[in-house]
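Trainee: A single structure is presented below for examination.
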Amino acid sequence: MPVTKSAKKALRQSAERHARNTRTKALYKEVAKQFEGALASGDAAAATKLLPSVYGAVDTLAKKGVVHPNNAARKKSKHAADLKKVALKK
């Protein structure tokens, strides 16, 4: 446990940041799961409608500093490529 006042404050701030980051990541995972479910069922139209919300969640992760911007770009690119694979099958 922290002893000094500044260490106690740092611990509080760290806990708040952790909670905020966890909530943001959970929101992204929820949207990504819906998107991947649409892809798994082969419903390209539903996946196309969900793609902007996935992009928004990824952009939020990058904006808030939860993930690196390059990581966000990779995620967006991967989701777009996955959608393209499903769309081309039909």
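Trainee: For the structure I just gave you, tell me whether T24 is of a type in the set (S, T, N, Q) and buried (at least 16 other Cβ atoms within 10 Å of the Cβ).
Mentor: It is true that T24 is of a type in the set (S, T, N, Q) and buried (at least 16 other Cβ atoms within 10 Å of the Cβ).
Trainee: Keeping to region 60-90, report how many residues are among the hydroxyl-bearing types (S, T, Y) and within 21 Å of T22 (Cβ to Cβ).
Mentor: Number satisfying all stated conditions: 1.
Trainee: Then there's this: Could you check the chain for helices (runs of 4 or more DSSP H) lying wholly inside it with 3 or more residues that are basic (K, R)?
Mentor: 5-40, 69-89
Trainee: Every residue in region 31-41 that is of a type outside the set (S, T, Y) and loosely packed, with under 12 Cβ neighbours inside 10 Å, please.
Mentor: The answer is K33, A40.
Trainee: Which of the residues belonging to region 61-80 are surrounded by fewer than 16 Cβ atoms within 10 Å (Cβ to Cβ), in contact (Cβ under 8 Å) with a residue 24 or more places away in the chain and under 18 Å from K33 (Cα atoms)?
Mentor: The answer is A80, and nothing else.
Read the figures in this text as sums done on the coordinates, not as results from a lab. These numbers come from a predicted model, not from an experiment. All Cβ positions, even for glycine, are placed from backbone atoms using ideal geometry, and neighbour counts span all protein chains on display.
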